Every structure is written in structure tokens, then in C-alpha cells.
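Engineer: Here you go, one structure.
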Amino acid sequence: MNKEKDNNTNENKLLEKLAYLEEQLKCETDKRLELESTIRLYEAFSDGKEGDSKNVLQNNEEIFRSLIQNSADIITLVNEKGIISYTSSSVKDILGYNENELINHSVFEFVHPSDLEYTQNEFKATLNRFGKGKKIECRFKNKKGDYVYLEAQGNNQLNNPSIKRYVINS
């Protein structure tokens, strides 16, 4: 009986270790994909010319601002408590708010009460790891006071010294 119990304990430990290793592999894969994406962006904007990195760096702010401002998605930056520090201009088209109206508000103030616990739990779960969380769907209050369905995906960049925020695409 003890031998069977020991086998079950060992099997459980092996399964836990396997799950941990699979999660680590996923994180490393995500990091590799992010790096490859950055390299592709660099190559796209540098036109492959030698010595062009200075021009690329000078243009990055303008390029990325244009990408964000012309995106059909709402891009939101929040801190670890969900307080909004930035929203892209598409928030006007989708939800009716001006870009600055949501600043210093909690993103959770606008989530439908029935979706709030689930949304907060998913947010908290992704705070413990770097990178993208899973896509979720929740109802979000627009400026008229109606709730609209949004699909959202967060990306924990709190430990990224260049961003220091949680990025939400919805």
C-alpha cells in the first residue's frame, strides 16, 4: 500500500514538473517570437541599409505613435492595480470616450458587474508572469452608459524598463 502511495506521489511530482517545464517553454517561445517581431520591425524601417540605425531610432517614436494612433484596436496602458495611464485614439470610435477621459480611472470601473470577478481574476493571474495573457471577452461600458462586448488580451510589461505598464489590446 505504501509503495502504491509513493508511486502516486512520484507521479504527481513528475506531472507538476512537466507542467512547470511546459510553462517555461511557452514563456521562452513567447520571448523568441517577440524578439523576432522586433527584428522584423527594425529591418522594415531600416531598409537594410548599413549605418541606418541612428535614423531608425530617431523615427521610432513617430512610427510607433502612428501605428498605435491608426490602429483599429483600443490600446490601453494600466499599472498593476488597473489604473489607466493611456488609451489610444480608437477609444473614441469604439466606446465614445475621448483619449484622456479614462486616464486615472480603474479599467474595472467600466466592466459589467457580472464580468467583473472573472476579469479581475484573469488580470491578477497575468500579473505573476511576463508576457501575454489569454484572450478574454467582457462587457465594457461605453460613454452612453451601454455595455458593449470587447475581446481583450493583456500583456504584462511591468518589468520591462521601457514600458513599465500592463498593455491591453481590445
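The values are calculated or read from the model by the stated rules, or taken from the named source; none is laboratory data. This one's a predicted model, so the numbers in the text were calculated from it and none came from an experiment. Note that each Cβ is placed from the backbone with ideal geometry, even for glycine, and that neighbours are counted across all protein chains shown. Side chains included, ligands, DNA and RNA excluded: accessible areas come from the protein's heavy atoms. Shrake-Rupley method; radii C 1.70, N 1.55, O 1.52, S 1.80 Å.
Engineer: In segment 93-136, what residues are out of contact with any Cys (no Cβ under 8 Å at 6 or more places or on another chain), at pLDDT 95 or above and part of a strand (DSSP E or B)?
Structural biologist: Matches in segment 93-136: 106 only.
Engineer: Checking residue 132 against (1) open to solvent by 80 Å² or more (accessible area, probe 1.4 Å); (2) farther than 15 Å from residue 75 by Cβ: exactly one of these is not met. Which one?
Structural biologist: Looking at each condition in turn, residue 132 falls short on (2).
Engineer: Another question, if that's okay. Would you be able to tell me the number of residues in segment 135-167 that are within 11 Å of the chain's Cα centre (by Cα) and under 25 Å from residue 93 (Cα atoms)?
Structural biologist: Within segment 135-167, residues that are within 11 Å of the chain's Cα centre (by Cα) and under 25 Å from residue 93 (Cα atoms) number 8.
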